[in-house]
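In what follows, a single structure is set out as structure tokens and then discussed.
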Amino acid sequence: MKVRVMTPADVPACAAIMAETRLWQRYGVTEDQAARRFREGLAQGATLFVAEVDGRVAGFVWCEPRGAFARSGYIPLIGVAEAYRGMGVGAVLLARAEAFLARTSRDVFLLVSDFNTGAQRFYERHGYVRVGALPDYILEGITEYIYRKRVEG
């Protein structure tokens, strides 16, 4: 597995991952919307990484060094293609994001939907602690849990 900086050529594969994932389907994300978000992020200088397995994009992670409270690292998006789940791709992407964000912050934050219990367990296994909740933040009836991890720079 190789992790590298995302390029515009990776956008279609990453957008497809989002569009095919139940989590983002529940939020109404389409492939076109996801592609637009990735293109805009890249154009604005956002830091995004992709994981490749056998030359194919297996997942992605978006890192914002001051995205949480204009002070701390934030991971707004992380996704792994269905075919690569359970193979450690998410853990490798998370570690890469944490290493990148640790250069400028002691903390990394992310949000996890209340119904996404698998992701909650994943982040807790990787040292994240639930520190708060945002009811009805993105969609009515769904609470977004705030997770935090201390990282070493």
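Every read-out reported here was derived from the displayed coordinates using simple, explicitly stated rules and does not represent laboratory data. Keep in mind that what you see is a predicted model, and the values were worked out from it rather than measured. So basically every Cβ, Gly included, is an ideal-geometry build from the backbone, and we count neighbours across all protein chains shown.
See the values below:
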| quantity | calculated |
| --- | --- |
| Proxy reagent accessibility, fewest Cβ within 10 Å first, across Trp62, Trp24 | Trp24, Trp62 |
| Cα-centre dipole for the stretch 51-146 with unit charges at Cβ (Lys and Arg positive, Asp and Glu negative), debye to 20 | 400 debye |
| Nearest-20 debye value, the stretch 2-110 charge dipole, Cβ charges on Lys, Arg, Asp, Glu | 300 debye |
| Kirkwood-Stokes translational diffusion coefficient of the chain, alpha-carbon pairs, 20 °C, 1.002 mPa s, µm²/s | 137 µm²/s |
| Computed over the chain: relative contact order in percent, which uses C-alpha pairs under 8 Å that are six or more apart | 18 percent |
| Rounded, prolate or oblate (a/c below 1.5 giving rounded, otherwise prolate when a/b exceeds b/c) for the stretch 72-151 by Cα gyration tensor | oblate |
| Per DSSP, loop GluC sites (Glu not before Pro) in the stretch 65-144 with at most 16 further Cβ within 10 Å | Glu140 |
| Unit charges at the beta carbon, dipole of the chain: most positive-side option, Leu134, Ala46, Ser105 | Ser105 |
| Sparse-neighbourhood loop sites, trypsin sites (Lys or Arg not before Pro) in the stretch 46-132 - DSSP loop, at most 11 other Cβ within 10 angstrom | Arg103 |
| Net charge, Ala119 excluded, C-beta distance under 13 Å - Lys, Arg +1, Asp, Glu -1 | +3 |
